[in-house]
1. Per residue, how large is the accessible surface of region 21-81? Use a 1.4 angstrom probe and give square angstrom.
2. Please list, ordered by chain and number, the residues whose modelled amide H lies under 5 Å from the amide H of TRP65; skip anything fewer than 5 residues away on the same chain.
3. At what distance in nm do the modelled label points of ALA93 and ASN62 sit from each other, each positioned 7 Å from its Cα along Cα→Cβ?
4. Which sequence of TYR29, TYR84, TYR22 reflects their accessible areas, 1.4 Å probe, from the largest down?
5. What net charge is computed for the residues neighbouring TRP65, neighbours being all others with C-beta under 13 Å from the C-beta of TRP65, Lys and Arg scored +1, Asp and Glu -1?
Amino acid sequence: WAKENRVCDCDWNWPDEECVAYQPGDSRYLQIPYFFVSSDNALQNGTRQGTGFPNVHNSPANTNWWNSTSVLPGAGKGASSSGYATTYDRVRAIASNPLLTALPNYDVKKEVGLTFHYGFEDDGLVVAY
């Protein structure tokens, strides 16, 4: 999903990347944070204390993934979510970080493409932008 939905604006001058020639500023609305986290062996708060490796978790095809923020552990908190106690809390806290959207668009010369990935040990969560 992330590879098909990623944004690569030709103005960024990333080497060896297929890009799209957007009008100035048109690619920003497409730049959204996304997350990956396995649901296998998850506790009620989303923390995982192990996997079924090597029988599972040896490829994306045989790993169970949380596929929406609405089903993440802790999603029932909604707007009252805070801290990092559940997987939902962690996704919400990191995805709302204003640096995720500001820094990749900061280099006006577009000499270097920036991307960010945040990881959490408790559940194996990765949030990327």
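The values are calculated or read from the model by the stated rules, or taken from the named source; none is laboratory data. What you see is a predicted model, and the numbers here were worked out from it, not measured in a lab. Heads up, the Cβs are rebuilt from the backbone with ideal geometry, glycines too, and the neighbour counts pull from every protein chain shown. Surface areas here come from the heavy atoms of the whole protein model, side chains and all, with no ligands, DNA or RNA. Shrake-Rupley method; radii C 1.70, N 1.55, O 1.52, S 1.80 Å.
1. Ligands and nucleic acids excluded, the result is 65 Å² per residue.
2. Here the answer is SER39, since their amide H atoms fall under 5 Å of that of TRP65.
3. 3.4
4. Heavy-atom accessible area, descending, gives TYR29, TYR84, TYR22.
5. Surrounding charge for TRP65 is -1.
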